[in-house]
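Please read the structure below before turning to the comments.
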Amino acid sequence: MSVLQEAQEAIERYGILNRGGTVILGISGGIDSLCLLSVMRALATEYEISLHVGHLNHGIRREAARDAEWVQDQCRRWAIGCTVGTEDVPTLARERGLSLEETARQARYAFLAAVARELNADTVAVGHNADDQAETVLMHLLRGAGLAGLRGMRPVAWLDEERPSARAVSGAGRERVRLVRPLLTIPRAELELYAAEQGLKPVEDVTNADTAYLRNRIRHELLPLLQDYNPSIRAILCRTAEALAGDEQLLERSIRKAWDQIVAYRDSARIVYQREALMRCPDAMRRALLRRGIYELRQSLRDVSWINVRDAIDVLSSGRVGARATLPGGLRLAIGYEQVLLCEDGSTWPLDDRPRMSGALSLTVPGLWLLPDERWAVCTEWCDPIKPGGWLSGAGALHAWLDADRAGQALSLRTRQSGDRLQPLGISGSQTVKKLMIDRRVPAYERDAVPILVSNGRIIWVAGVQIDRECAVTARTARVLHVWFERRHAPKETG
């Protein structure tokens, strides 16, 4: 079967090309990309597609300007549009703290995404071949990657999954750009024969022989060694990658379902998992959910090692509140009472949607006052008594019904202070507010903002935690003080 036939078979099998529209070809000038250009040019009419070449000068080699000029000349001869860009990859690598290889890859995909957006194209094609796939699987295996790494490259993926900023690729109101690899099933040796048959003369990239790069060491040293053990090692690695890609696709469905059920909060810097639900998951699912969280926050990280994930899972399994694990990319995992936080180092827990207090606030009855963040208000009123037990109060409640005569009228709202104590309803003796919050599993990051109701200097209610037993409503209560917190959707004047 010819290279052209193999490419067309892959296109049909994996749905690589959409008929019509424009396909951006990432062309470096090397043999793989030149074969891609030739094959796509031969198939363009049949698939009713327009071709446009994108070439990025990475600023790494002295010959880079020559390569760009060569690509432009080739495109002129074949009447194909061409866009050339320039990026200072060495400087970018230093700024990002990444390897030159990884930075060049990110810069190339960012450039191709920009060209696709400019030309309203939905597909970018690159020239990765079967040997590249075998090298990728080995490289990920050596780094200790999981299933997502060992399945290697996919024939069809999303371009925004290949570079740090998904938003920059897809953009608001834009459809995502597909990244396709029509030559992924074809060995490099076959492409070399095809190039010779077609009279294609690629430019030579001298860095391909530089064994300072891991991929080149795998290509020139490790794979030839493994070939002595099994001459079919490249084909075996590619078949393994395809099998694992299918397994990962099945697993991904379960991961998505679990993700939606277990993730309680997420933003650009933090992901919060429900701890109990996460701990009920099998080990493999916990690892998958943690990996997904890491990639959500750090899309520039291509490979997260098994050891990094295992150590974080060990910290999670220890069950110790306050325990932390350090992860790649400046991330950390922190264990709370009911939640697990994955975040950028230095980030804090997200605020729960509950009343939060700062400073102090004097209250009268009746009245309504906005809390400092203006999302909640504290309200007060007098009520007639009903039978004991008819009043809701205590842990988790944002309403408190108190014996008005015992509570007094010199009411104020503040945050906790050192040495604060309470006589909790249902507990003999007194207890420090700190211990009460710990026992009721108020997260440490929330404790300094919990509103505390005070009368004549005595704590009578720790909001959402417990009331003072001396102020509880009884059969002898003549008048009830009702204090509660109310969610405000828009700021209002204080009462």
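Only residues that are over 16 Å from Gly127 (Cα atoms) and either crowded, with 20+ Cβ neighbours inside 10 Å or in contact (Cβ under 8 Å) with a residue 24 or more places away in the chain (or both) were counted in region 47-67, giving 12. In the set (1) at pLDDT 90 or above; (2) out of contact with any Cys (no Cβ under 8 Å at 6 or more places or on another chain); (3) among the small types (Gly, Ala, Ser), Ala134 fails one condition alone, (2).
For region 55-90, which positions are assigned to a loop (DSSP other than H, G, I, E, B) and aromatic (Phe, Trp, Tyr)?
Of everything in region 55-90, just one residue is assigned to a loop (DSSP other than H, G, I, E, B) and aromatic (Phe, Trp, Tyr), namely Trp78.
Screening region 349-358 for residues that are closer than 14 Å to Glu486 by Cβ and open to solvent by 50 Å² or more (accessible area, probe 1.4 Å) and picking the one that is nearest to the chain's Cα centre (by Cα) gives Asp353. Scanning region 214-239 for residues that are open to solvent by 40 Å² or more (accessible area, probe 1.4 Å) and under 24 Å from Leu36 (Cα atoms) yields a count of 7.
Checked against (1) at pLDDT below 90; (2) in contact with a strand residue (DSSP E or B) (Cβ under 7 Å, 6 or more places away or on another chain); (3) in a helix (DSSP H, G or I); (4) more than 23 Å from Tyr109 (Cα to Cα), Glu296 passes all but a single condition, namely (4). Residues in region 266-293 that are open to solvent by 40 Å² or more (accessible area, probe 1.4 Å), farther than 19 Å from Arg324 by Cα and not in a helix (DSSP H, G or I): Asp267, Ser268, Pro282.
Going through (1) surrounded by fewer than 22 Cβ atoms within 10 Å (Cβ to Cβ); (2) at pLDDT 90 or above one by one, Val462 falls short only on (1). Scanning region 441-479 for residues that are of a type outside the set (Asp, Glu) and over 17 Å from Ser430 (Cβ atoms) yields a total of 18. Do we have Arg41 as modelled with pLDDT of 95 or more and open to solvent by 50 Å² or more (accessible area, probe 1.4 Å) here? So Arg41 passes the test. Identification of helices (runs of 4 or more DSSP H) wholly contained in region 359-459 with 3 or more residues that are open to solvent by 50 Å² or more (accessible area, probe 1.4 Å) and either modelled with pLDDT of 95 or more or under 30 Å from Val340 (Cα atoms) (or both) yields 433-439.
Scanning region 91-150 for residues that are in a helix (DSSP H, G or I) and among the hydroxyl-bearing types (Ser, Thr, Tyr) yields Thr91, Thr103, Tyr109, Thr136. Looking only at region 150-183, residues that are of a type outside the set (A, V, I, L, M, F, W, C), at pLDDT 80 or above and surrounded by fewer than 22 Cβ atoms within 10 Å (Cβ to Cβ) come to 5 in all. Just one of the listed residues (Gly319, Gly346) is open to solvent by 40 Å² or more (accessible area, probe 1.4 Å), on the phi > 0 side of the Ramachandran plot, out of contact with any Lys or Arg (no Cβ under 6 Å at 6 or more places or on another chain) and not β-branched (Val, Ile, Thr), namely Gly346.
Does Leu25 meet the test of being assigned to a helix (DSSP H, G or I), open to solvent by less than 10 Å² (accessible area, probe 1.4 Å), of a type in the set (A, V, I, L, M) and under 23 Å from Leu159 (Cα atoms)? Criteria not met by Leu25.
All conditions but one from (1) of a type outside the set (Phe, Trp, Tyr); (2) in contact with a Lys or Arg (Cβ under 6 Å, 6 or more places away or on another chain); (3) under 19 Å from Gly367 (Cβ atoms) apply to Arg414; the one that does not is (2). Quick check on region 51-79: of everything there that is under 39 Å from the mean Cα position of the chain (by Cα) and among the small types (Gly, Ala, Ser), which residue is farthest from Pro90 (Cα to Cα)? Ranking the qualifying residues of region 51-79, first place goes to Gly54. Within region 81-112, the residues that satisfy the criterion of being of a type in the set (A, V, I, L, M, F, W, C), open to solvent by less than 20 Å² (accessible area, probe 1.4 Å) and in contact with a strand residue (DSSP E or B) (Cβ under 7 Å, 6 or more places away or on another chain) are Ala107, Leu112.
Mind listing whichever residues of region 186-206 are in a helix (DSSP H, G or I) and not β-branched (Val, Ile, Thr)? Answer for region 186-206, where residues must be in a helix (DSSP H, G or I) and not β-branched (Val, Ile, Thr): Arg188, Ala189, Glu190, Leu191, Glu192, Leu193, Tyr194, Ala195, Ala196, Glu197, Gln198. Inspect all residues belonging to region 473-480 and state whether any of them is farther than 21 Å from Ala360 by Cα, in a helix (DSSP H, G or I), open to solvent by 10 Å² or more (accessible area, probe 1.4 Å) and of a type in the set (Lys, Arg). Among the residues of region 473-480, not one is farther than 21 Å from Ala360 by Cα, in a helix (DSSP H, G or I), open to solvent by 10 Å² or more (accessible area, probe 1.4 Å) and of a type in the set (Lys, Arg), which makes the answer no.
Filter region 184-206 for residues that are buried (at least 16 other Cβ atoms within 10 Å of the Cβ) and farther than 24 Å from Ser232 by Cβ and give the result. The answer is Leu200, Pro202, Val203, Asp205.
The values are calculated or read from the model by the stated rules, or taken from the named source; none is laboratory data. What you see is a predicted model; the values in this text were computed from it and never measured. Positions of Cβ are generated from backbone atoms using ideal geometry, with glycine treated the same way; all protein chains shown enter the neighbour counts. Ligands, DNA and RNA are excluded from the accessible area calculation, which covers all protein heavy atoms including side chains. Shrake-Rupley method; radii C 1.70, N 1.55, O 1.52, S 1.80 Å.
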